[in-house]
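The values are calculated or read from the model by the stated rules, or taken from the named source; none is laboratory data. None of these values were measured; they are calculated from a predicted model. Heads up, the Cβs are rebuilt from the backbone with ideal geometry, glycines too, and the neighbour counts pull from every protein chain shown.
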Amino acid sequence: MDGAIHRAAGPELLEECRGLGGCPTGQARITKGYKLPAKYVIHTVGPVWRQGGHKEAELLASCYRQSLSIAAQYGCETVAFPAISCGVYGYPLDQAARISLGATRDFLVSNELPRLVRWVMFDGATHDAWLAAWKHDGRP
């Protein structure tokens, strides 16, 4: 996902990212969107799945909370998320979906912004995992 965003935004995005000083796992940073149809890009680093014994769930939830908090601070009404940590980082889809939806629901209950959150999935299996979590845990 990261590579696709950078290609679409143009080289200015990478240049701005270099000035951020990195982003620790579970935290988030914001940049301009450059050539993207979005005003901003919120960058977050999810945890690598290591069998669940290294605070992966807490770090993944923090990615969503931190990203949503930054979005609210910048007045973003809409946010789109990928399935953070579910690609090469190997996070199990069913667990990631529950964490993602729960952290987002908890944030939205007490904040006015963003007004709309979307998840953009890479494949059918990821979509199905989020849909199952949505149906099981109740809609936020």
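Values for this structure:
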item: Unmet criterion (only one of (1) at pLDDT below 95; (2) loosely packed, with under 13 Cβ neighbours inside 10 Å) for Arg50; result: (1)
item: Subset of region 6-44 (residues that are touching a strand residue (DSSP E or B) at 6+ places or on another chain (Cβ under 8 Å) and under 16 Å from Val88 (Cα atoms)); result: Thr44
item: Matching residues in region 94-130 - criterion: being outside any helix (DSSP H, G or I), within 11 Å of the chain's Cα centre (by Cα) and surrounded by 13 or more Cβ atoms within 10 Å (Cβ to Cβ); result: Val117, Trp119
